[in-house]
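**Q** Quick one: the structure is below, questions incoming.
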Amino acid sequence: LAPHELNDFDREVDALRGLLGAKGIMSVDELRRGIEAIPEDEYHRLSYYRRWIRSIADNLLRKGVVSEAELAAELGRS
């Protein structure tokens, strides 16, 4: 298989994960556990980095770093 060429979204998600790790907000283990918790049907529908962003969002919501309202507002702006 040829390596996947990263697009802007992939690079941004990777950078976000790195920043959250560097600031001690979310570890790679928490990312992995979040990905493993995605329901199987959704897991297979999502691309690699979409699984990451799903896990990141779930972790930040669970920890209270962002609220549902804040997340919804940001998603509505994109």
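The values are calculated or read from the model by the stated rules, or taken from the named source; none is laboratory data. These numbers come from a predicted model, not from an experiment. Cβ placement follows ideal geometry from the backbone for every residue including glycine, while neighbour counts extend to all protein chains displayed. Side chains are part of the model used for accessible areas, which takes the heavy atoms of the whole protein and leaves out ligands, DNA and RNA. Shrake-Rupley method; radii C 1.70, N 1.55, O 1.52, S 1.80 Å.
**Q** Go through [x] 38; [y] 23; [z] 30 and flag the label whose value is the computed percent of Cα pairs over 21 Å apart for this structure.
**A** The listed entry that was calculated here is [z].
**Q** Can you work out ³J(HN,Hα) from phi for every residue in region 57-63, in order, using Karplus 6.51 cos²θ - 1.76 cosθ + 1.60 and θ = phi - 60°, giving whole Hz and x for Gly and Pro?
**A** Working through the residues one at a time gives 4, 4, 5, 5, 5, 4, 7 Hz.
**Q** Next question, about the same structure. Given the Cα-Cα distance of ARG77 and LYS23 and 0.36 nm per residue of separation, how much length would full extension add, in nm?
**A** 16.9 nm
**Q** Right, something else. Order 18-31, 51-64 from most to least packed using the mean count of other Cβ atoms within 10 Å.
**A** Put in order of decreasing packing, that is 51-64, 18-31.
**Q** Also, I was wondering about something else. Can you tell me the accessible area per residue over the chain, all protein chains present, probe 1.4 angstrom, in square angstrom?
**A** 73 Å²
**Q** A follow-up question, please. In debye, nearest 20, what is the charge dipole magnitude of the chain about its Cα centre with +1 on Lys and Arg Cβ and -1 on Asp and Glu Cβ, if you could check?
**A** Dipole about the Cα centre, nearest 20: 200 debye.
**Q** Considering only protein heavy atoms and a probe of 1.4 Å, how much of the accessible area of the chain is carbon and sulfur, as a whole percent?
**A** 55 percent
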